[in-house]
Amino acid sequence: MNSSQDLKSSVTMRSVIVALALSSATALVAPSAPRMPTALQAATKDPATTSYQPTEGANAAVDTNNKGDAWVSQMQRPRRNRKSAGVRSMVRENFLTPANLMQPIFIHEDSNEVVPIPSMPGQSRHTLDSMVEQVKKGMALGVKSFILFPKVPDDLKTNFADECYNPDGIVPRAVAMCKAACPEATICTDIALDPYSDQGHDGIVLDGKIVNDMTIEQLCKQAVCHARAGADFVGPSDMMDGRVGALRLALDAEGHTDVGIISYSAKYASAFYGPFRDALDSHPGFGDKKTYQQDPANGREAIIEATLDAAEGADMLMVKPGVPYLDVIRRIRDVVDLPIAAYHVSGEYAMIKAGAEKGWVDEKAIVLETLMCFRRAGADVILTYYATDAAQWMNDEGNVCL
Ligand code: PBG
């Protein structure tokens, strides 16, 4: 404890410091008033035998206030803005609502069964009827957008992937069913050849190479086919150069000026897509996707992709995968004003599920935190397999702004 004289001198010193801080408007950390050690303390000053007292000695770390309580002369105390739930909610910078979430739905017609996907517990290949139920369920919880991914039977797969623009194919029929059942739902489709490719690649393969411009011809047919079926947005996930501009022209030429393009702008060649490829049976037939998807080591390159897509007429830009690429979301956010979508991909979903099934992490807390982190990084929209569950959790907590 300080003597009363020590306390007095430190109070005087403090008022000088407060005055200084006010006059210069600079945050100052006040040095504590020096205190004289007692004779006993001086005699036993051997550091090995003296226990450290933060309130004593020159430059004491902790001071004493008028009431004699420990006091650190710290004027900036950010904890004041965190002191209660009410204050925290008053100063919260970002919000997550079900309307920010887009639910991916896997569809198939191999059978009349809803087939669970082992590497994505809780997700299934839906029949078209159960797909419509999923859309209705999401809509009831405030999730308003959906993206469809088809599992295509092997006998329909070819190198040119012509099934991708079959007007009687699974996707156009699925889109029409969703729009008929829920006209208010925003229905998006994936534009890429891989589900229809016997090579398991996003483009046409010639001489072992994925060819760019011929692939775009197919993508244009696919996008127009989906637009005719009623799709609200098409999402090119192929990473061919120049596809956004070509898709915009194709859609416009056919009168679909209202159909938007959510471009997978910064899509990385990622190991996090594994469970998705299980779901669609779309693993690459040979090699990998590194000649078209981005190198995970590259951040600046994402800006090149994003600015090109914006210039070519994309309506939204997507970054994919999600959590390991939050920096990419932020970098694009800082230079482009279009809405940004983040794809919280299958491998990220699978890892949280696995941890939760083992009881090692709190699934609900981890998911809601993860989704909020996307918003903080700068994403407007989040594609996540957790969309409907997260919306349910938000509704349960009465924490929904619709
Ligand atoms: C296909 C496509 C992929 C994903 C979305 N669209 C896989 C890939 O590029 O191999 C991955 C989504 C996920 O992992 O959740 N072009």
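The values are calculated or read from the model by the stated rules, or taken from the named source; none is laboratory data. Just so it is clear, the structure is predicted and the values come from calculations on it, not from any experiment. Don't worry about glycine lacking a Cβ; one is built from the backbone with ideal geometry, like all the others, and counts go over all protein chains shown. Surface accessibility is based on the protein's heavy atoms, side chains included, excluding ligands, DNA and RNA. Shrake-Rupley method; radii C 1.70, N 1.55, O 1.52, S 1.80 Å.
Structure above, values below:
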| quantity | calculated |
| --- | --- |
| Proximal lysines relative to residue 83, as straight alpha-carbon distance under 29 Å, when same-chain residues fewer than 8 apart are discounted | 67, 364 |
| MRE, 222 nm, helices only [DSSP H, n ≥ 4, -39500 (n - 2.57), over the chain, to nearest 500] | -12000 deg cm²/dmol |
| Selected from 103, 127, 371, residue furthest toward positive end of dipole (the chain; charges at beta carbon) | 371 |
| Rounded to 5, the percent of DSSP beta bridges in the chain classed as antiparallel | 15 |
| Carbon + sulfur, % of accessible area of the chain - ligands and nucleic acids excluded, 1.4 Å | 55 |
| Rel. contact order, % - alpha carbon contacts under 8 angstrom, at least six apart, the chain | 15 |
| Over the stretch 39-196, relative contact order from alpha-carbon pairs under 8 Å, at least 6 apart, % | 18 |
| In Å, descending, principal axis extents of the Cα set of the stretch 204-288 | 38, 28, 22 |
| Set of aspartates and glutamates with alpha-carbon distance to residue 209 below 12 Å, sequence-local pairs under 8 removed | 288 |
| Residue 144 accessible area, 1.4 Å probe, all protein chains in place, Å² to nearest 10 | 90 |
| Neighbour cut-off at most 13 other Cβ (10 Å), DSSP loop, chymotrypsin sites (Phe, Trp or Tyr not before Pro), the stretch 94-162 | 95 |
| Along the chain, longest interval not containing exposed GluC sites (Glu not before Pro), exposed being DSSP loop plus at most 10 other Cβ atoms within 10 Å | 185-396 |
| Accessible surface ranking that places the most exposed of 52, 273 first, with a 1.4 angstrom probe | 52, 273 |
| With DNA, RNA and ligands ignored, accessible area of residue 168 (1.4 Å probe; Å², nearest 10) | 110 |
| Highest-MSF residue in the chain out of 61, 391, 269 [GNM, Cα springs under 10 Å] | 61 |
| Cα-based shape type of the stretch 274-396, given that a ≥ b ≥ c are square roots of the gyration tensor eigenvalues and the cut on a/c is 1.5 | oblate |
| Cross-link pairs beyond the 24 Å C-alpha cut-off, checked among 144/221; 290/320; 221/267; 290/358; 157/289 | 144/221; 290/358 |
| Distance between the stretch 321-385 and the stretch 52-110 - C-alpha centres, whole angstrom | 22 |
